[in-house]
Each structure stands twice: as structure tokens, then as C-alpha cells.
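Working notes, structure below.
The values are calculated or read from the model by the stated rules, or taken from the named source; none is laboratory data. Everything numeric in this text was worked out from a predicted model, so none of it was measured. Every residue, glycine as well, gets a Cβ built from its backbone with ideal geometry; the counts of neighbours run over all protein chains shown. Ligands, DNA and RNA are stripped out before the accessible areas are found, and what is left, the full protein with its side chains, is counted by its heavy atoms. Shrake-Rupley method; radii C 1.70, N 1.55, O 1.52, S 1.80 Å.
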Amino acid sequence: EVDCFDWINDSGVYDEEKINQDLRLLTARYLQKGYVRVFIEKPKVTLVRFPEYSKILVRMKVTEGAQYFTGKVDIEGDILGDKQRLLDALGVKPGAVFNALLQNQDTFTLREIYQEQGYAFVNVQPDLRINDETHIVDVVYRVRRGDKAYIGRIEFQGNRETRDWVLRREFSVQENELYNGRKLRESQQRLLALGYFAPGSLALNTEPREVDNVLDVVTKVEETQTGTLSAQIGYSDQSGATVATSVSKGNFLGRGQTLRTSVQRSQ
């Protein structure tokens, strides 16, 4: 609804995309609380006209259903090491309120554990068994680990200024090394932390070769402006008028170094 900051944040302005976003947020909140059968009807939008103004009423009808709890949690298929260790790494626990979003996170966690050991092609499929009488959800993760994979070439695209070796030194994996998904994600985070690339533009993709179990790593970037220019003008009784300028250039000559210079003059 309209608030006192509507002139800044456009609050109160009808936006169908925001309504759809609210529906996703509401659904996610219910799924976090165990309402796996929640149903939210399509919002009813009504335009009300008055002589002075018009307004829109938005009504959402929610059918919550019953709250469900977690029953058995198990892992089947290709077990890597100690099964209990894998189960301990999961966030979904027997007896707790079933959290569908946490269950999705557990699927990712299992993939990461296997990918750390080189199983780049691991497949984890959650099997949810929902009992509508007891309101219990049993979760079974079925795992096929596949074969181990190795890193082939590490290539870069889009870095017109930044040298390849500046990017390569941020990688935690090397060519011809056993694949490690966690190290690749860490490498991507380290590249983003450099501040040389536009937000959301950095993509790290793996491309399989014709040779079995070899993946080339292709990193696509979009460089952004790394230079700054500032100027100051001041006056004091002691030094009189003061003029100062400073120039800073990050990633100078594409070598990952920063150059700064400043000039100040008083009269």
C-alpha cells in the first residue's frame, strides 16, 4: 500500500510482476512451514473509482491445508563413504516440520559432496512420499554418481583488458586435475571479488570434450570501469584556497594492480 515514501519507492503503484513475486514469496513461506498442499488462487484485482481518485483492491485467497512433518530420511544408490556422514550433512531431520526449500538445499549439498570427490556427473533425485492421512513426508535421495571427471583446458572469454594469467591465478583448480565442484565455485567467487567485472556478468561453464570424462572450463566475463577521478576545492584561514585532485585506476594495464596519484595545491 501507499506509504510516506511513495515518492521515492513507488509504493502503491500497481505492478502485476510484483503481485506475481508476492505469490512466490507466500508460497515459499508456506512450504518452509510444512504446508505442502497449500493452494493460493489467482489474485482477484478490482478497480474502484471515486470522483477524486481511483484505487485497486487485490484479494488473495489462501487454502493452507494441513501441516506436514518429516518422517524417514534415507539415501539410496551409490553411497560415497559412510552413509551416516552423508545423512548428518542434511538439513532435513526426522520429526521436524517438513521444509521443502531445505530439502532442495539438501539435494544441492549432496551433489557438492560428490563433486568434491571428482564425480562431476552425479545425479541426485529426491523421492518424496507424502502420506495425507498421517501428514508425514518420507524423503529418499536416490544417487547415481557416474564416473570421475578431470579438468581439461581453462579458458577465458570477454577479458579485453585483463590478462589471462591475472584470472588464472584466482583459480583453485589446475588443468589435468581431478574435477572439484566446490573449488570451481570458490574460484568464481574470487574472480567476482576482484571488482573488475560487471555484476552478474561472470559465468563459469564446463564443456565436455569428445574424450570421456574431461571437462573444459570456460569463464565468460564482461569488464567494467575500474578508474575513478575526484576533485576537491576548499578554503581555510591558514592555507587559503586549496585545490586537490586524485586519480585511481584499478587493474592497471590489465595486470591486476592499482595505480593512484593525487595533486594538491594551496594559495
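Roughly speaking, to the nearest percent, how much of the chain's 1.4 Å accessible area is carbon and sulfur?
In the chain, the share of accessible area belonging to carbon and sulfur is 48 percent.
Kindly provide the chymotrypsin sites (Phe, Trp or Tyr not before Pro) of segment 40-113 that DSSP labels as loop, not H, G, I, E or B, and whose Cβ sees at most 14 other Cβ atoms within 10 Å.
Tyr53
For Rg and Dmax of the Cα atoms in Å, the listed values are (1) 23.7, 71; (2) 20.4, 72; (3) 27.6, 86; which was obtained by calculation from the structure presented?
(3)
Collect residues whose amide H, placed 1.01 Å from N in the peptide plane, falls under 5 Å from the amide H of Ile75; neighbours closer than 5 in sequence don't count.
HN-HN under 5 Å from Ile75: Tyr141.
Can you tell which of Gly256, Ala100, Phe171 lies farthest toward the positive end of the dipole of the chain, using +1 and -1 charges on the Cβ of basic and acidic side chains (Lys, Arg; Asp, Glu)?
Gly256
From the phi of every residue in segment 113-119, what ³J(HN,Hα) in whole Hz does the Karplus formula 6.51 cos²θ - 1.76 cosθ + 1.60 yield, where θ is phi - 60° and glycine or proline is x?
Computed from phi, the couplings for segment 113-119 are 4, 6, 5, 5, 9, x, 8 Hz.
Tell me the label-point distance for the pair Ser262, Glu116, using the 7 Å Cα-to-Cβ offset, in nm and rounded to one decimal.
In this crude spin-label approximation the distance works out to 4.4 nm.
Calculate the length of the line joining the C-alpha centroid of segment 194-267 to that of segment 97-141, in whole Å.
Centre-to-centre distance over Cα atoms comes out at 42 Å.
If the viscosity is 0.692 mPa s and the temperature 37 °C, what Stokes-Einstein diffusion coefficient in µm²/s follows for segment 191-267 when Rh is the Kirkwood radius over Cα pairs?
Value of D from the Cα-based Kirkwood radius: 202 µm²/s.
Can you give the longest run of the chain that contains no GluC sites (Glu not before Pro) sitting in a DSSP loop with at most 10 other Cβ atoms inside 10 Å?
53-132
Assuming a strict under-22 Å limit between Cα atoms, what lysine pair count do you get for the chain once near-sequence pairs (fewer than 8 apart, same chain) are dropped?
Close lysine pairs found across the chain: 18.
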